[in-house]
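Colleague: I am attaching a structure below and will ask some questions about it afterwards.
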Amino acid sequence: MKLPKRSSLTMRDVGLHAGVSPITVSRVLANHGSVTTETREAVLRAVSELGYVPDYTARALSRRGSKLVALMLPNIANSVFAETVHGINDVLNSAGFSLIIAHSGYDAQREEELLRGLLGYRPDAVILTGFSHTRATRTMLRKAGMPVVETWNVGPEPMDVAVGFSNFKAGLEMTRYLIAKGHTRLAYRGGIQTDNERTRAREEGFRQALAEANLPATEEWIGSAPMELESGAELAREFQAMPPGKKRPQAIFIASDMIAAGFVLEAAQLGIRVPQDVAIAGFDDTPLGRAIRPQLTTVNVRQREIGRKAGELALRRLRGETIEHPVHDVGFEIVPRESA
């Protein structure tokens, strides 16, 4: 079966159908405020009836902007990033922008390759996750001369602007919370750390809190794993295999609700009581962590607010604004629940 012939509809065709000029069609599609409600409805009705699709590539080449924003995520399956996407979309869609989303898999080299392809679509701005990027990525973005928003972390030298929270402080405060509960034998399990400065910072915060309390960092209890339920289930099986008593941790800080939930679910099958046998703390405050029993003690990192702020910063930079304070810290919150 042959594909249908591609349409060559133009704004002129839409204008003729709606009884307006091509310039008016352009204003409606750009959400310009100088168009009456009646005219806007007529144009949008014509767009729908004709099946017209704007040629953003042509608009980009004519230097009027593509109305596209490129978003690079490390993991599109992780619900915490989905919340951030919702926040970005809420802001950008209302301004007439669309997202192009790519998935790097926590691989800086892969991010570089994907970004090179995305820049070919001439996006008006780029939103990245984290601060770990290759030298080539930084060079590409600097030469592209477009707004760049880095998210999910804060640091002294963003490429352009950044919005997130201190992963180090979040790891520090959660560990202090567990110590304040009377736990002196603590373990840590983070996400895979390759090209992921955020999970490394959480571990550094964990170690700092132990040092402050003059508690040992037991290296065999500190590790990383893929951010999956099965990683938590495997950790629960490892815990069960440990000899009871002082050779077992009293609490485990798991820097991902996904892994922590996997532990809690598997623990129930193995007869491990949470928090009586071991306290469990997660990170991200996901719906899954609230749905399981016991509910997860966790760190709320305001994922959607990060997204909304990232969208707002991108739009402000596109308007040519100079951002006086380029790093925006949205903070975090320790959320005590049943698991710790």
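Colleague: Can you list the trypsin sites (Lys or Arg not before Pro) in the stretch 108-169 that are in a DSSP coil and have 11 or fewer other beta carbons within 10 angstrom?
Modeller: Here no trypsin sites (Lys or Arg not before Pro) fit, given the DSSP loop and packing criteria.
Colleague: Put +1 on the Cβ of every Lys and Arg and -1 on every Asp and Glu Cβ in the chain; which of 126, 294, 332 then has its Cα farthest towards the positive end of the dipole?
Modeller: 126
Colleague: Let me ask something else about it. Pull up the DSSP beta bridges for the chain and report the antiparallel fraction as a percent, rounded to 5.
Modeller: 10 percent
Colleague: Please report, to two decimal places, log10 I(q)/I(0) for the stretch 203-244 at q = 0.16, 0.17, 0.21, 0.33 Å⁻¹ as given by the Debye formula with identical point scatterers on the Cα atoms and no solvent.
Modeller: -0.56, -0.62, -0.83, -1.06
Colleague: Sorted by average packing, counted as other Cβ atoms within 10 angstrom per residue and highest first, what order do 289-299, 9-19 take?
Modeller: The densest-packed peptide leads the list: 289-299, 9-19.
Colleague: Can you give the charge dipole size of the chain about its Cα centre, rounded to the nearest 20 debye, using +1 on the beta carbon of Lys and Arg and -1 on the beta carbon of Asp and Glu?
Modeller: I would put it at about 760 debye.
Colleague: Lysine pairs, Cα distance under 27 Å, 8 or more residues apart or cross-chain: how many in the chain?
Modeller: So the count of such lysine pairs works out to 8.
Colleague: Also, quick follow-up: Taking Cα atoms, how many degrees apart are the long axis of helix 167-180 and the longest axis of the chain, rounded to 10 and kept between 0 and 90?
Modeller: On a 0 to 90 degree scale, this one is about 30.
Colleague: What residue among 270, 315, 235 shows peak mean-square fluctuation when the chain is described by a Gaussian network model with Cα springs under 10 Å?
Modeller: The residue with the greatest mean-square fluctuation here is 270.
Colleague: Ok, one more. Kirkwood hydrodynamic radius, the chain, all distinct C-alpha pairs: what's the number in Å?
Modeller: It is 22.3 Å.
Colleague: Counting DSSP beta bridges in the stretch 37-150, what percent are antiparallel, to the nearest 5?
Modeller: 0 percent
Values quoted throughout were computed directly from the atomic coordinates according to the rules given, and no laboratory measurement underlies them. Here the structure is a predicted model, which means the values were calculated and not measured. When we count neighbours, we look across all protein chains shown, and the Cβ atoms used for this are built from the backbone with ideal geometry, even at glycine.
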